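Here is the structure we will look at, set down as structure tokens.
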Amino acid sequence: MIVLSILVVLLAVLVAAFAYRLAVLRRGGTAAILRNLPNDAGIGWRHGIIRYGEETLQFFKLSSLRPGPDSRISRQGIEIGVRRSPQDTEYDIMTDDIVIVSVSDGDSGLAFEFALDRGALTAFLSWIESRPSGRSLRGRPPGMTD
């Protein structure tokens, strides 16, 4: 009887975690496929959504029960690498309309590849280009007034 009670509680916790994650994903974002680098060709891609914040890009995997984002990339540290089309086995989960762009986070040292459709790529690049410059983020020296 105790084992059955424990299983019911664990199942309830799992269902609650799934419902919470579903609610988080339904709040919106841009569809994307992401993989961490380095990785073998065609391996490690994860479907999810990305959300753009003022300071970070957040990636939420569709198949995760984690309460928060699965990956974060700093807006100020982001560096865009090469763009390419899907290759070989990547066509199993992608179409010709997809562009794969390599991205690194200079602040954390992490590297990723994003697979985005052309509209999502435009939004992604606009978000990066509209970030404030490093100069505008620096504070003024003490004693300086307008």
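The values are calculated or read from the model by the stated rules, or taken from the named source; none is laboratory data. Quick caveat: nothing in here was measured; it's all calculated off a predicted structure. For neighbour counting, all protein chains shown are included, and Cβ atoms are generated from backbone atoms with ideal geometry for every residue, glycine included. Note: accessible area is taken over every heavy atom of the protein model, side chains too, but ligands, DNA and RNA are not part of it. Shrake-Rupley method; radii C 1.70, N 1.55, O 1.52, S 1.80 Å.
Taking every protein chain into account, the 1.4 Å probe leaves Asp107 with about 110 Å² of accessible area, to the nearest ten. Less than 10 Å Cβ to Cβ from Gln76, Lys/Arg counted +1 and Asp/Glu -1: what total charge do the surrounding residues give? For residues surrounding Gln76, the net value is -1. For the chain, the Kirkwood hydrodynamic radius from C-alpha pairs, put into Stokes-Einstein at 25 °C and a viscosity of 0.890 mPa s, yields a diffusion coefficient of 140 µm² per second. Between the Cα long axis of helix 2-25 and the first principal axis of the chain there is an angle of about 30°, rounded to the nearest 10. Between the alpha-carbon centres of region 10-29 and region 61-82 there is a gap of 19 Å.
Built from the Cα atoms of region 55-97, the convex hull projects on average onto 4.6 nm², one quarter of its surface area.
Our helix-only sum for the chain, with -39,500 (n - 2.57) per DSSP H run of n ≥ 4 divided by its residues, gives a mean residue ellipticity at 222 nm of -8500 deg cm²/dmol.
Which shape class applies to region 1-61: rounded if a/c is under 1.5, otherwise prolate when a/b exceeds b/c and oblate if not, where a ≥ b ≥ c are the square roots of the Cα gyration tensor eigenvalues?
Oblate is the answer for region 1-61, as a/c is 1.5 or above yet b/c matches or exceeds a/b.
So, for region 1-80, what is the accessible surface per residue at a probe of 1.4 Å, expressed in square angstrom?
Working: 5140 Å² over 80 residues.
About 64 Å² of surface per residue is accessible.
In this structure, the amide hydrogen of Leu110, modeled 1.01 Å from its nitrogen in the peptide plane, lies closer than 5 angstrom to those of Asp105, counting only residues at least 5 positions away or on a different chain. Backbone phi angles across region 30-38, fed through the Karplus curve with coefficients 6.51, -1.76 and 1.60 (θ = phi - 60°), yield HN-Hα couplings of 10, 5, 8, 10, 10, 9, 7, 10, x Hz in residue order; Gly and Pro are listed as x.
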